[in-house]
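Where a number appears in this text, it was derived from the coordinates with a stated rule and is not lab data. Just so we're clear, the structure is a prediction, and the values are computed from it rather than from any experiment. So basically every Cβ, Gly included, is an ideal-geometry build from the backbone, and we count neighbours across all protein chains shown.
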C-alpha cells in the first residue's frame, strides 16, 4: 500500500513538473512572439554578423552616437542579473537597475503601454529563451555636451514620459483595440511616423502624420485618402507589412524594410489585420499642398531619346572615372546606372521584382527623401522567402557598383521624380548631403552647447552679483 502511495505521489509530482515546464515553454514562445512584435532584435544586434541581442547597433544622433546594449541573460555583460521589476522599469521607464537613465533611441516611451501579462512573458523569454552572450558590445555611447550631463534624461522624462499602460476603449471592437495596442505600444509606430518636437520627444498633436527619420521619410499613416493610407485596402496594408511591397503602391526601404524583415512578417494575420483596421480609424490629416496620392502618377511624362545617352559608368579605379564625376545630366546618369533594371521607360520588370517608377509612392511623393536614400543606401529586404535588393550608389555605402557624387544623386533624383513622378524637386548636392545626414536637427539641439554654456555663464554671473551684494551689505552693517 505504501509503495502504491509513493508511486502515485511520484507520478503526480512528475505531472506537476511537466505542467510547469509546459507553462514556461508557452510563456517563452509567447515572449519570443512579443519580442518580434517589438522588433527588439533589430536594434540590439550589431550590423554585419552581430550575435542576436548582444548589442552594438549604432544610432547616429544629432547629440552623439548611441550604442545599443547587450540584452542577453549574461550576468556580467547583459541583463542576467535583472529581477522582473528591474526589467519592467528598464523597458517601460528607461531606468536601469543602477539608476542609469536610458536614451529614447530605445522606445521605452512607447513600451510603457505594454501590459503586465506581456511584460512577464517578455521577461521569461529573455531570461530563458535567449542564449547569453558574455561580451560587451565593444563601443560605448558617446554624447556631446550638454547631453552627457547627469540628470538630463531625468528632466526629459519628467517632461515627456507617460508611464500609463494601454487601456482598451469600450466603444470600439476588440480588433481595433488590439491594433491600437500594437501600433502605439510594441510596434512603436509612433516613434517613426509621428513628428518630434524641438526636444526630440514625439509630438502627439501630430499623431502618425509622417516624419523624417535618418534621412528617410516615414509617411503619413492617418486614414486620409490623399496624404495617408485611406486609399489602401486592409488587404494591401497587410501585404505591405508582410512583404514590404504592394504593386502600384509602395516598397519598403530603410528602417521600414528592417521592420518588415525582423518584425511584421513574423506576426499573425490576426494581428496584422488588427493593425490595418486600427489605422483606418485614425483621424484623417491631409497635407494641404497635396492634391493626389503619392502613388497616383500612371505613366512617364515624356519619351526620351536614349541612343545618345547610353554609355557605362566606368569602374571607380578606371582613369576615365574621374572625368565622369562632372556629368550631372540626370537622363544620361539614369540611362547608365538605373535603366538596366528599371528600364528606360521606368516600368521595372513584369513580375515587379524590380518595381515600376510610376505608381510608386516614393517617386510620386512631395518630399524627395526616399528616392535620395534609396539611391544612396540601396534597398535590402528579405521577407516571405523573397529577397529585394537594389545596390547603393553613394560613395560611403556602395559595395558592388560605381558610386555617384551628391551632385549626381541630386541629378538622378530630379530626373526620376520629374519624369516618373509629380515634378522635378530641383535638388542640389547640398540638399542631398543634408538628407543623407538625417535631415538636420532643431535649433535647440544644434545650439544646445552654446545655450548651456550661456546658461552656466549667466548663473555664475548672477551668483557673483548676489555674493557681492551680500558682502557689501555686511560691510555697511559693521
Rounded to the nearest 0.05, what FRET efficiency do residue 85 and residue 343 have when you use their Cβ-Cβ distance and R0 = 56 Å?
-> 0.45
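Compute the relative contact order of the stretch 321-436 as a whole-number percentage, counting only Cα pairs closer than 8 Å that sit 6 or more residues apart in sequence.
Details: 182 pairs, mean separation 30.1, N = 116.
Dividing the mean separation by the residue count of the stretch 321-436 yields 26 percent.
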Relative packing of peptides 352-365, 94-107 - highest average C-beta neighbours within 10 Å first | 352-365, 94-107
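What full-extension length gain, to one decimal in nm, is calculated for residue 463 and residue 430 as 0.36 nm per residue of separation minus the Cα-Cα distance? Kindly include the intermediate steps, with their values, before the conclusion.
Working: separation 33, 0.36 × 33 = 11.88 nm, distance 4.47 nm.
Extra length from residue 463 to residue 430 when fully extended: 7.4 nm.
Quick one: length gained pulling residue 201 to residue 452 fully straight, 0.36 nm per residue minus the C-alpha distance?
88.4 nm
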Ordering 113-123, 148-158 by per-residue average of other C-beta atoms within 10 angstrom, highest first, gives 113-123, 148-158
Under the 7 Å Cα-to-Cβ spin-label approximation, residue 29 and residue 142 lie apart by a distance in nanometres of 4.6
Tell me, what is the FRET efficiency for residue 42 and residue 290 to the nearest 0.05, using R0 = 30 angstrom and their Cβ-Cβ distance as r?
-> 0.45
Can you tell me the order of 193-205, 370-382 when each peptide is scored by its average per-residue count of other Cβ atoms within 10 angstrom, highest first?
-> 370-382, 193-205
Here the Cα Rg-to-2.2 N^0.38 Å ratio for the stretch 321-436 is 1.00
Set the Förster distance to 60 Å, then compute FRET efficiency between residue 476 and residue 162 from the Cβ-Cβ distance, nearest 0.05.
-> 0.70
Using 0.36 nm per residue, how much length does the chain from residue 173 to residue 442 gain when fully extended, once their Cα-Cα distance is taken away?
-> 92.9 nm
222 nm [θ] for the chain, helices only, -39500 (n - 2.57) per DSSP H run of 4+, per residue, to 500?
-> -12500 deg cm²/dmol
